[in-house]
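The values are calculated or read from the model by the stated rules, or taken from the named source; none is laboratory data. Computed from a predicted structure; not experimentally measured. Neighbour counts run over all protein chains shown; Cβ positions are idealised from the backbone, glycine included. With ligands, DNA and RNA removed, areas are computed over all heavy atoms of the protein, side chains included. Shrake-Rupley method; radii C 1.70, N 1.55, O 1.52, S 1.80 Å.
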Amino acid sequence: MDTLNSSIEPAVTWFVGAAYGGGTDSQVARFLAEGIWENGYDDKLLDLVRSMRPGERIAIKSAYTRKHGLPFDNRGRSVSVMAIKAVGTITENPGDGKRVKVSWTSLDTVREWYFYTNRTTVWRVQPDNWASAALISFAFDGEPQDLDRFRNAPFWRERYGTVSPTAQRFQWTEFFEAVAERLLMYAADRTPLIEGIQDIATRVPGLGYMQDRFPDGTAGPLRDICPFTAMGTFNRSMTDANRRMIAGELANLLGVAVAVPPSFEGIPVLNNQRSWFFSYADTREPGDIDKLWDVFVAANSLVDEDEPGKRVAFMHAYDEALEVRGIAWNLSTGLYWAHPWDFATLDSQSRNYIGNRLGMTIIENGHRGPPKGQSYLGLLDDLRLRFGEDDYPVHSFPDLSLESWKFKNPVDDPAETGANVDEIVPDQSAVRAVFEIPPAAAPLAPYTASDIVNDGCFLEYGEIDRLIERLRTKKNLVLQGPPGTGKTWLARRLAFALIGQKDPNNVRAVQFHPNLSYEDFVRGWRPTGEGKLSLADGVFMEAIRAASKEPAETFVVVIEEINRGNPAQIFGELLTLLEAGKRTPSEALELSYPDPDGIRRSVHIPENLYVIGTMNIADRSLALVDLALRRRFAFANLEPRLGPVWRDWVIGERGLDPDLVADIEHRITELNDQIGADARLGAQFRLGHSYVTPAHRLEPGNTREWFHQVVETEIGPLLDEYWFDTPDEARRARTRLLLNW
């Protein structure tokens, strides 16, 4: 039995549910009265509960969604909400997996937290990312939630961010979700639905394919329909005008109030010759359409509440639906149509992008078959974890779908381009929904130094141009400077300007850290799904191969925190080949490991591959940069850039109060002067302009609150670290920043 014997504040916190009986029987009052928290399951979560330790903090939460009465503009969309009802500290764990003893503190009022929520009964949270750290501070320290930061974070900004309506992408998703919600009414009785669609077909061209073939050899109107085929009526290969016309008619039939979208970006469409998700009646199993409705309903239930029982129900319904003849990979696309923010489409382009661009493995079932329900949900969970990362190539499932069609490594999957495959007999007796490639994306616009300035860079145009030219001639460039000077931000844009267009497919990003090795970065052994090891290329070798295949294009590898790892060990023999004068086949060297086929082939770094590194010169934990690395890179210093350009930008583009901007600049400048004059610190520890440059536009009147939160949650903790040996000095500096504010 573990008991409380330490006063050290632990890193692990727990957010737990307190409702039994399917969420209707709240145990909060009993838990507080008895000083316990109890697991409501006899056969689930036992190991997780056993892992709870005395001294760890715990909060009772309740998660749900809400559409009205929110403290921000949610654009009429449902928002994930998590109510914090009580907080406490675990005092004892008997180790039975059922309960822990807790010293509870009841709250006068329930506090609501938005966006970053979890509906599982037990949620283990550590402050290993900004969102988790903010949640912990909110729940246990009473700090307010920075709603603007969350709503403008990558995963949420398309739906809730403070971007103008004209800049919003994927506006079609609201309409698709509304159609799916109304279709639920027909799950038990589809007759009115199919009759309504047949009626639409008499008035609108493009729906003549709703003719079935019956076991007695006769043909006639389709008598039943699945929800995915219903949504497919306006997701076929046709003009946007026709799609909008059919979508409007279906919306009227269903009673959908949301307007038909003006565009349909990021949506796979059906091949007009195979526009059903099930086969003709003469080959269809009696329960096939019911199975498709079952998974449709289960998906909706899971989206409403992601809890273990509903996950199991969805996995079962999903696996049953996979048995429908010809459905295969198309099931995921139907789910994506219905819930585009919650399910990924696994059409061939998306699978190619997930595997070759995102580096994730899709666990196939049998011979090239779609994953089972458990593997599919696991893939979704893995993707969601990465969507929140600022530097991840995509930030949502619609984003992933759209980018997959732009990806330069297309596949030719006959099962999804209309060619005959084993599952499709020549006479099309098993009609199958297959997907065509949407029209090619428009060519990317040119990207130059002027665009970097327009994006919000506070360097002069000439300075940016010189950086690009230095990168072009030296091949390798490190941007170094104090924290918050925009090194990573600028590195990516320099890469785009060097390429000549904002093409993420030609830019690879990696962060160095003490545990990164040659095997991770260049080539090494990796475990396979069969429990074996195989040789696999790392990020840098993949970039070398891509650049070698396309010598007319420019490729860039961005290395964040290049001094956090051991560059000589990570690059290995390729460190020598980084030199601009050694970018030729005659300088090629053999790697430490052979190619995956066992043959040792010499490798050189091609002329069209460039490297940009970033380096925080204020990090006292890092050693000096290896001299061999210094000789192969050009180094550029970035300084804090407050001044007229910064003031104009934050007022015009980020909505800061013009009457307060000069005051903010003055306060930060005074602080930087103090830091620079301190012999224990110096100029390299000054605060960069990024600290006082909002990532997104502020709501009117929010400047004071925003600056207060920046000081309390970002600048203040940094000052505590700077003056760790003189905490009074850090406290005085923080006080001066907010004096009379």
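Checked against (1) open to solvent by less than 50 Å² (accessible area, probe 1.4 Å); (2) over 21 Å from residue 290 (Cα atoms); (3) in a loop (DSSP other than H, G, I, E, B); (4) touching a strand residue (DSSP E or B) at 6+ places or on another chain (Cβ under 9 Å), residue 224 passes all but a single condition, namely (2). Which members of segment 227-253 meet the condition of being open to solvent by less than 10 Å² (accessible area, probe 1.4 Å), closer than 12 Å to residue 275 by Cα and in contact (Cβ under 8 Å) with a residue 24 or more places away in the chain? Correct list: 228, 229, 230, 231, 232, 233, 235. The number of residues in segment 127-175 that are assigned to a helix (DSSP H, G or I), small (Gly, Ala, Ser) and farther than 19 Å from residue 56 by Cβ comes to 2.
For residue 196, are the conditions met, namely being under 30 Å from residue 337 (Cβ atoms), in contact with a helix residue (DSSP H, G or I) (Cβ under 6 Å, 6 or more places away or on another chain) and open to solvent by 30 Å² or more (accessible area, probe 1.4 Å)? Against the criterion (under 30 Å from residue 337 (Cβ atoms), in contact with a helix residue (DSSP H, G or I) (Cβ under 6 Å, 6 or more places away or on another chain) and open to solvent by 30 Å² or more (accessible area, probe 1.4 Å)), residue 196 does not qualify. Restricting segment 12-56 to residues that are in a strand (DSSP E or B) and open to solvent by 70 Å² or more (accessible area, probe 1.4 Å), the residue that is modelled with the highest pLDDT is 26.
Among the residues that make up segment 108-121, is at least one of them surrounded by fewer than 16 Cβ atoms within 10 Å (Cβ to Cβ), among the hydroxyl-bearing types (Ser, Thr, Tyr) and out of contact with any Cys (no Cβ under 7 Å at 6 or more places or on another chain)? So far as segment 108-121 goes, yes, one or more of its residues are surrounded by fewer than 16 Cβ atoms within 10 Å (Cβ to Cβ), among the hydroxyl-bearing types (Ser, Thr, Tyr) and out of contact with any Cys (no Cβ under 7 Å at 6 or more places or on another chain). Residues in segment 84-115 that are more than 21 Å from residue 132 (Cα to Cα), small (Gly, Ala, Ser) and modelled with pLDDT of 95 or more: 103 alone.
Within segment 276-298, the only residue that satisfies the criterion of being over 19 Å from residue 318 (Cβ atoms) and free of Cβ contacts under 8 Å to residues at least 24 places away in the same chain is 286.
Total residues in segment 344-366 satisfying the condition of being modelled with pLDDT of 90 or more and more than 20 Å from residue 407 (Cα to Cα): the figure is 0.
Rundown of residues vs (1) assigned to a loop (DSSP other than H, G, I, E, B); (2) at pLDDT 95 or above; (3) touching a Lys or Arg at 6+ places or on another chain (Cβ under 7 Å), yes/no style:
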position: 489; (1), (2), (3): no, no, no
position: 492; (1), (2), (3): no, no, no
position: 508; (1), (2), (3): no, no, no
position: 513; (1), (2), (3): yes, no, yes
position: 516; (1), (2), (3): yes, no, no
position: 519; (1), (2), (3): no, no, no
position: 526; (1), (2), (3): no, no, no
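Name the residue that is least open to solvent (accessible area, probe 1.4 Å), counting only residues in segment 166-193 that are within 27 Å of residue 403 (Cα to Cα) and free of Cβ contacts under 8 Å to residues at least 24 places away in the same chain. If we take residues in segment 166-193 being within 27 Å of residue 403 (Cα to Cα) and free of Cβ contacts under 8 Å to residues at least 24 places away in the same chain, then 168 is least open to solvent (accessible area, probe 1.4 Å).
Every residue, every condition in (1) open to solvent by less than 60 Å² (accessible area, probe 1.4 Å); (2) of a type in the set (Asp, Glu); (3) in contact with a strand residue (DSSP E or B) (Cβ under 9 Å, 6 or more places away or on another chain); (4) over 14 Å from residue 630 (Cα atoms), yes or no:
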site: 566; (1), (2), (3), (4): no, no, no, no
site: 573; (1), (2), (3), (4): yes, yes, yes, yes
site: 576; (1), (2), (3), (4): yes, no, yes, no
site: 595; (1), (2), (3), (4): yes, yes, yes, yes
site: 599; (1), (2), (3), (4): no, no, no, yes
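Would you say residue 636 is surrounded by 15 or more Cβ atoms within 10 Å (Cβ to Cβ), of a type in the set (Gly, Ala, Ser) and modelled with pLDDT under 90? Against the criterion (surrounded by 15 or more Cβ atoms within 10 Å (Cβ to Cβ), of a type in the set (Gly, Ala, Ser) and modelled with pLDDT under 90), residue 636 does not qualify. Name every residue in segment 639-664 that is aromatic (Phe, Trp, Tyr) and either free of Cβ contacts under 8 Å to residues at least 40 places away in the same chain or open to solvent by 30 Å² or more (accessible area, probe 1.4 Å) (or both), in order of residue number. Within segment 639-664, just 649 meets the criteria. Just one of the numbered conditions (1) among the acidic types (Asp, Glu); (2) closer than 25 Å to residue 614 by Cβ; (3) open to solvent by 40 Å² or more (accessible area, probe 1.4 Å); (4) over 34 Å from the mean Cα position of the chain (by Cα) is not true of residue 678: (3).
Could you check, for segment 148-156, whether at least one of its residues is in contact with a strand residue (DSSP E or B) (Cβ under 8 Å, 6 or more places away or on another chain), surrounded by 15 or more Cβ atoms within 10 Å (Cβ to Cβ) and more than 30 Å from residue 261 (Cβ to Cβ)? So far as segment 148-156 goes, no, none of its residues is in contact with a strand residue (DSSP E or B) (Cβ under 8 Å, 6 or more places away or on another chain), surrounded by 15 or more Cβ atoms within 10 Å (Cβ to Cβ) and more than 30 Å from residue 261 (Cβ to Cβ).
Scanning segment 379-392 for residues that are under 21 Å from residue 295 (Cβ atoms) and free of Cβ contacts under 8 Å to residues at least 12 places away in the same chain yields one hit, 381.
Could you go through segment 616-624 and let me know if any residue there is closer than 30 Å to residue 457 by Cα and among the hydroxyl-bearing types (Ser, Thr, Tyr). Yes, some residue in segment 616-624 is closer than 30 Å to residue 457 by Cα and among the hydroxyl-bearing types (Ser, Thr, Tyr).
Go through the residues of segment 106-115 one by one and say whether even a single one is touching a helix residue (DSSP H, G or I) at 6+ places or on another chain (Cβ under 7 Å), in a strand (DSSP E or B) and of a type in the set (S, T, N, Q). Looking through segment 106-115, at least one residue is touching a helix residue (DSSP H, G or I) at 6+ places or on another chain (Cβ under 7 Å), in a strand (DSSP E or B) and of a type in the set (S, T, N, Q).
Within segment 296-352, the residues that satisfy the criterion of being under 24 Å from residue 157 (Cα atoms) and aromatic (Phe, Trp, Tyr) are 336, 337, 341, 343. When 656, 624, 629 are screened for being over 30 Å from residue 519 (Cα atoms) and either modelled with pLDDT of 95 or more or not charged (D, E, K, R) (or both), only 656 passes.
Return a yes/no flag: does segment 461-479 have any residue that is touching a Ser or Thr at 6+ places or on another chain (Cβ under 7 Å), modelled with pLDDT of 90 or more and either within 30 Å of residue 328 (Cβ to Cβ) or open to solvent by 50 Å² or more (accessible area, probe 1.4 Å) (or both). Checking segment 461-479: at least one residue is touching a Ser or Thr at 6+ places or on another chain (Cβ under 7 Å), modelled with pLDDT of 90 or more and either within 30 Å of residue 328 (Cβ to Cβ) or open to solvent by 50 Å² or more (accessible area, probe 1.4 Å) (or both).
Output yes when any residue across segment 524-537 is within 23 Å of the chain's Cα centre (by Cα) and surrounded by fewer than 17 Cβ atoms within 10 Å (Cβ to Cβ), and no when none is. No; the residues of segment 524-537 include none that is within 23 Å of the chain's Cα centre (by Cα) and surrounded by fewer than 17 Cβ atoms within 10 Å (Cβ to Cβ).
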